[in-house]
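Report on the following structure.
The values are calculated or read from the model by the stated rules, or taken from the named source; none is laboratory data. This is a predicted model, so every value here is computed, not measured. Positions of Cβ are backbone-derived with ideal geometry, glycine not excepted, and every protein chain shown enters the neighbour counts. Please note that ligands, DNA and RNA were not included when accessible areas were found on the heavy atoms of the full protein model with its side chains. Shrake-Rupley method; radii C 1.70, N 1.55, O 1.52, S 1.80 Å.
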Amino acid sequence: MGYPKDLLSSRSIIKPGQYALIAPEGLVNNVIPGFENCRISILGSPKLGASFVDYIITMHEGGKNSQGYCGEEDVQCFVYVISGKVKAKADDKEYILEESGYLYCPPGVTMYLENMESGDSRLFLYKQKHNPLEGQKPWVVSGHANAIEYMDYDDMHNVHLKDLLPLDHAFDMNFHILSFDPAASHPFVETHYQGHGAYLLSGEGMYNLDNEWIPVKKDDYIFMAPYVHQAAYAVGREPLTYVYSKDCNRDPEL
């Protein structure tokens, strides 16, 4: 990395229990046992106020997790390929995931990942404890977001949504891709029970976090705690697009 080339400064804003904007230039490497030849940065986590853990991973040539990831009886996980190509394995079945490819593993299923590129592959990885529903059990799901058609979001033709997991009560969470055409926005400032971890795939915008308008762009990470105000405007010349997690299909516990 070498010596700094400018004054030390950061766009990142960290407000634990409320929200965070984490810019890529401030990320450090975290050693996660079982991952080989990978650079991993922990993004959202319980220390930040999240009920989940998000990571950004750069798998170098030969990078893999030969010991597997997750697999505990009460933990579910999800991986999304930002760029490159990986071989993923779950329940003894293999999947080749290229850009926009993803794999969900329910509780008790271990996820294995291996880089198939001669260069780097970049992944967005997530884990969270599963909140089971009696008589319902989620299953392994894999696909490519680029093969899913967008739906209009809240009847707006310039805001688009993709659901990556089934809309089934067996699942207590989902992953979505939300995309705003230039100049598009949310229909209103949202305030809701769910928390989010979002990774920006493209574009630039202004994001309302707890009624503070903050500039954001590709490769930023945003954590939004439950009930924090949130909304976005897209600016620039390309869509503002991000992949994010959302709790669903469960009644709050007392």
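When SER66 is tested against (1) more than 20 Å from ILE222 (Cβ to Cβ); (2) surrounded by 12 or more Cβ atoms within 10 Å (Cβ to Cβ); (3) touching a residue at least 40 places away in the same chain (Cβ under 8 Å), exactly one condition is not met: (2). Between GLY17, GLY34, the distinction of being touching a Phe, Trp or Tyr at 6+ places or on another chain (Cβ under 8 Å) and either surrounded by fewer than 19 Cβ atoms within 10 Å (Cβ to Cβ) or in a strand (DSSP E or B) (or both) belongs to GLY34 only. There is no residue in the range 180-195 that is within 30 Å of LYS87 (Cβ to Cβ) and not assigned by the TED database to the domain that holds GLU94.
In this structure, is LYS93 modelled with pLDDT of 95 or more, open to solvent by 40 Å² or more (accessible area, probe 1.4 Å) and more than 25 Å from LEU167 (Cβ to Cβ)? Full working, then the answer.
Numbers: modelled with pLDDT of 95 or more: yes; open to solvent by 40 Å² or more (accessible area, probe 1.4 Å): yes; more than 25 Å from LEU167 (Cβ to Cβ): no.
Criteria not met by LYS93.
Considering only residues in the range 173-195 that are open to solvent by less than 30 Å² (accessible area, probe 1.4 Å) and touching a Lys or Arg at 6+ places or on another chain (Cβ under 6 Å), the one that is farthest from TYR104 (Cα to Cα) turns out to be ILE177.
Return yes when GLY44 is in contact (Cβ under 8 Å) with a residue 60 or more places away in the chain, more than 16 Å from the chain's Cα centre (by Cα), under 30 Å from TRP213 (Cα atoms) and open to solvent by less than 70 Å² (accessible area, probe 1.4 Å) and no when it is not.
Spelling it out, it is not the case that GLY44 is in contact (Cβ under 8 Å) with a residue 60 or more places away in the chain, more than 16 Å from the chain's Cα centre (by Cα), under 30 Å from TRP213 (Cα atoms) and open to solvent by less than 70 Å² (accessible area, probe 1.4 Å).
For the range 149-162, the tally of residues that are free of Cβ contacts under 8 Å to residues at least 24 places away in the same chain and surrounded by fewer than 16 Cβ atoms within 10 Å (Cβ to Cβ) stands at 6.
LEU8 satisfies every condition listed in (1) open to solvent by 30 Å² or more (accessible area, probe 1.4 Å); (2) more than 18 Å from the chain's Cα centre (by Cα); (3) modelled with pLDDT of 95 or more except (3). Would you pick out the residues in the range 117-131 that are without any contact (Cβ under 8 Å) to a residue 60 or more places away in the chain and buried (at least 16 other Cβ atoms within 10 Å of the Cβ)? Passing the criteria: GLU117, HIS130. Of the numbered criteria (1) assigned to a strand (DSSP E or B); (2) open to solvent by 30 Å² or more (accessible area, probe 1.4 Å); (3) out of contact with any Asp or Glu (no Cβ under 8 Å at 6 or more places or on another chain), the one TRP139 fails is (1). Taking GLY197, is it touching a Gly at 6+ places or on another chain (Cβ under 8 Å) and on the phi > 0 side of the Ramachandran plot? For GLY197, the condition - touching a Gly at 6+ places or on another chain (Cβ under 8 Å) and on the phi > 0 side of the Ramachandran plot - is not met.
Among the residues of the range 197-225, those identified as outside any strand (DSSP E or B) and open to solvent by 30 Å² or more (accessible area, probe 1.4 Å) are ASP210, ASN211, LYS218, ASP219. Considering (1) in a strand (DSSP E or B); (2) open to solvent by less than 10 Å² (accessible area, probe 1.4 Å), the lone condition that ALA170 does not fulfil carries the number (1).
With respect to GLY101, determine if the residue is open to solvent by less than 10 Å² (accessible area, probe 1.4 Å) and either closer than 26 Å to ASP168 by Cα or not assigned by the TED database to the domain that holds LEU167 (or both). Walk me through how you get there before you give the answer.
Numbers: open to solvent by less than 10 Å² (accessible area, probe 1.4 Å): yes; either closer than 26 Å to ASP168 by Cα or not assigned by the TED database to the domain that holds LEU167 (or both): yes.
In short, yes.
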